[in-house]
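Quick note: the coordinates plus some simple rules give every number you see, no bench work behind them. Keep in mind it's a predicted model, so treat the numbers as computed, not measured. Using ideal geometry, Cβ is built from the backbone for each residue, glycine included, and neighbour counts are taken over all protein chains shown.
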Amino acid sequence: MKTQVGIVGAGPSGLLLARMLQLQGIESVIVEARSRDYIEARIRAGVMEHWVAELTDEVGLGARMRREGLVHEGLEISFAGQRRRIDLKALTGKSIMVYGQQEFVKDFVAARLEDGLPIHFEAADVSIHDIEGDSPKIRFTDKDGAPREIQCDFIGGCDGFHGICRPSIPADRLANFETVYPYAWLGILAQAAPSSDELIYSNHDNGFALHSMRSPELTRLYLQVPPDDDINLWPDDRIWEELQTRLTQDGDWRVTEGPVIQKGITPMRSFVCETMRHGRLFLAGDSAHIVPPTGAKGMNLAAADVKLLAGALTDFYKSGDSAGLDGYTARCLPRIWKAERFSWWMTQMLHLAPQNDDFARRIQLAELDYFTGSEAGARALAENYVGLPFD
């Protein structure tokens, strides 16, 4: 089997890359280790920056997002017994879109299959080869047990942090940077109407909490817990009690409770692989970088990588210009590191670190007071949250 661009991974980055290439007449084949049902049910981030929502429209797949997604023009931050609103729209002229990543995946998978374009689900033993030559290859065993090989011009490594693409780069060529946080998020998906029209970030003496949503009927909520905590120690009643404590700091408002249909504990890290290209392999999305979810940047950074990569591949195929491919990493990294900084900063400001003393706690509260009470501080937060300009 031959194609122009082989794509490993059918998450948001792989699907968006394939769609953008398709619209330019560039062929691609997607290889995905999981089943279609799995990737369409996998709950992930739900906040899309303003420009990412517009990009989804531009590639022709924004109709359901516009019907069912939730446009937010602000967010709230709760601390020290009060809640303050950051007016994103007034401060930046932009809003965010809350639309579950799994819904984005459903839309892109359906469109690709309706167009008769290939996605190989449930691919086993996926490996990539000859990435330093002119004809790299993707090998795998298909769901029927048959060995397959795809010969391509380029490979898009869109298979996430635990995928096979980044480890296929020689270890001595990798430039990796990482920090692991001393806390994790216990997240639940509840069959309950959202208790607020906007996201609520809460800094409490018991730890961080977040009220988010996925639809008018589904609420997504998080609690800061130790990274080695046991989910079995968190029955539903205990989770709701702690959410009520951490989120209801300023009056009679209460979190709407409902049946918990999913829960789990997710450790938190910041990670950047600055080797985003090796030969004819290009990394995009979580295969190249991870951010803590506090800043809502993961899916948005993936879209930024893909926008640059798709543009570079288009230039190559349309005119033979390889400057975009050669400069891919250099163009991606400034935005990545700014998003890493913002996500790290939001995380440090909102979570209680075990090593913090009383002085550090007072500094944290002063920082929250400044960035929510000063127009200059609020504007800096808002500009980063809605998405920095895409040059």
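Points worth noting:
- The packing ranking, built from the mean of other Cβ atoms within 10 Å per residue, places the peptides 70-82, 346-358 in the order 70-82, 346-358, highest first.
- Put a dot 7 Å past the Cα of GLN191, heading toward its Cβ, do the same for LEU333, and the two dots end up 4.9 nm apart.
- Applying both filters, DSSP loop and at most 16 other Cβ atoms within 10 Å, to the trypsin sites (Lys or Arg not before Pro) of the range 201-284 gives ARG254.
- Cα-based convex hull volume of the chain per residue, rounded to whole Å³: 147 Å³
- Above-threshold pairs, the threshold being 25 Å between Cα atoms, out of LYS263/LYS307; LYS2/LYS143; LYS137/LYS307; LYS263/LYS297; LYS94/LYS338; LYS94/LYS318: LYS263/LYS307; LYS94/LYS318
- In sequence order, calculated HN-Hα J values of the range 101-117 (Karplus, 6.51, -1.76, 1.60; Hz; x Gly/Pro): 4, 5, 6, 4, 4, 4, 4, 6, 5, 4, 5, 5, 5, 4, 7, x, 9
- Using the Cβ of GLU49 as centre and a radius below 13 Å, the other residues enclosed give a net charge of +3, where K and R count +1 and D and E count -1.
- Per-pair calculated FRET efficiency, R0 = 51 Å: MET1 and LYS263 via Cβ, rounded to 0.05: 0.80
- Gyration tensor verdict on the range 183-290 (Cα atoms; rounded if a/c is under 1.5, prolate if a/b is larger than b/c, oblate otherwise): prolate
- Three-way shape label, the range 29-86, alpha-carbon gyration tensor, a/c 1.5: oblate
- Helical content alone sets the calculated 222 nm signal of the chain at -11000 deg cm²/dmol, taking -39,500 (n - 2.57) per DSSP H segment of four or more residues and averaging over every residue.
- Cut-off 16 Å, label 7 Å out along Cα→Cβ of ASP237, residues of the range 186-227 by amide N: none
- Max mean-square fluctuation residue, GNM over the chain, Cα-Cα springs under 10 Å, options ALA378, ALA323, ALA190: ALA323
- Trypsin sites (Lys or Arg not before Pro) restricted to DSSP loop in the range 1-105 with at most 13 other C-beta within 10 Å: ARG42
- By the beta-carbon count within 10 Å of each Cβ, the least crowded to most crowded order of TRP51, TRP185, TRP253, fewest first, is TRP253, TRP51, TRP185.
- On the beta carbon distance between ALA124 and ALA376, with R0 = 41 Å, the FRET formula returns roughly 0.15.
- Extension gain, LYS89 back to THR256 (0.36 nm per residue minus Cα-Cα distance, nm): 57.5 nm
- Sorted by Cβ neighbour density within 10 Å, fewest at the top, the residues VAL5, VAL180, VAL260: VAL180, VAL260, VAL5
- Between PHE359 and ASP37, the simple label model (points 7 Å from Cα in the Cβ direction) yields a spacing of 5.7 nm.
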